[in-house]
1. How about segment 57-77: which of its residues are surrounded by fewer than 17 Cβ atoms within 10 Å (Cβ to Cβ), touching a Leu at 6+ places or on another chain (Cβ under 9 Å), touching a residue at least 24 places away in the same chain (Cβ under 8 Å) and not basic (K, R)?
2. Out of the residues in segment 12-33 meeting the condition of being surrounded by fewer than 12 Cβ atoms within 10 Å (Cβ to Cβ) and not small (G, A, S), tell me which one is modelled with the lowest pLDDT.
Amino acid sequence: MSNGITIDDLRRILAACAGSDDEVDLNGDILDLPFEDLGYDSLALMETAAVIGREFGVAIPDDELGDLDTPRAMLDRVHDLVGTTS
């Protein structure tokens, strides 16, 4: 498993966890857009975190997900967690 998650990895995972709103465009500059504006609710973010855990071996604690309100915040937290386990 690689811990080097990129924005492209996150886009792919978000697309897989999109739920019912397939019209969200994840191809633009989404780093600082709130997940809510992208159409993601807490359940979709929990699924996203679970996929990140399976694919990259990084467990984002459930109680932190509410604070990760943008893709940038999620990527930063994953990178922080990788730094504490290396």
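The values are calculated or read from the model by the stated rules, or taken from the named source; none is laboratory data. Keep in mind that what you see is a predicted model, and the values were worked out from it rather than measured. Here Cβ is always computed from backbone atoms with ideal geometry, including for glycine, and neighbour counts include all displayed protein chains.
1. G66
2. That would be D21.
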